[in-house]
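What follows is a short report on a single structure.
The values are calculated or read from the model by the stated rules, or taken from the named source; none is laboratory data. Because the structure is a prediction, the values reported are computed rather than measured. Cβ placement follows ideal geometry from the backbone for every residue including glycine, while neighbour counts extend to all protein chains displayed.
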Amino acid sequence: MFILLLAPIILLGLVLISIVLSSLPLWFASKLLGLKKSGLIHAVAATLVGGLLASIVSVIIVVIFPIPFLAVTLGFLSYIWVIKEIYNVGWGRAIMLWLVSVITAIILILILGFIIALFFPAAYMHGVPHHWL
């Protein structure tokens, strides 16, 4: 019975950890670009609000105008607008911040993938005979 009560707390903790981890590339990019508002709280706020606003805008546009490209474009612009407003920068700097955060996320994913493949090689070598490992 206690485990059933503990499950929502664990789920909430995992959601909070996921939010913070998904905000790390934006936080690192803001530090790298030397912005005044470069705290983790700003990155978490931009990630949460930007993601929610982009999703809402995309859904509304798809419902009104069934053009997915328009919905994705306006959703992206709304996300960039949130970054622009939270970090108090211009459009160019907001796009640069987003781009640096995407590049940072890709590099982090590649590094983590390499580390995981290094410690668990059998997980990535499907079809390789076991005596080769």
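For the residues L35, L48, L52, the requirement of being surrounded by 15 or more Cβ atoms within 10 Å (Cβ to Cβ) and not acidic (D, E) singles out L35. Only one entry of S38, S55, S30, S23 meets the criterion of being of a type in the set (S, T, Y) and in a loop (DSSP other than H, G, I, E, B), and that entry is S38. Pairing each residue of the stretch 29-41 that is closer than 15 Å to M96 by Cβ with any residue that is of a type in the set (D, E, K, R) and not in a loop (DSSP other than H, G, I, E, B), provided the two are 6+ apart or on different chains, yields C-beta distances under 9 Å for L33/R93; L35/R93; S38/K31. For the residues A117, A122, A71, A94, the requirement of being modelled with pLDDT under 85, surrounded by 11 or more Cβ atoms within 10 Å (Cβ to Cβ) and assigned to a helix (DSSP H, G or I) singles out A117. Residues satisfying the criterion are absent from the stretch 12-30 (criterion: over 21 Å from L108 (Cβ atoms) and within 13 Å of the chain's Cα centre (by Cα)). Only a single criterion out of (1) farther than 23 Å from L21 by Cβ; (2) modelled with pLDDT of 95 or more is not satisfied by A54, namely (1).
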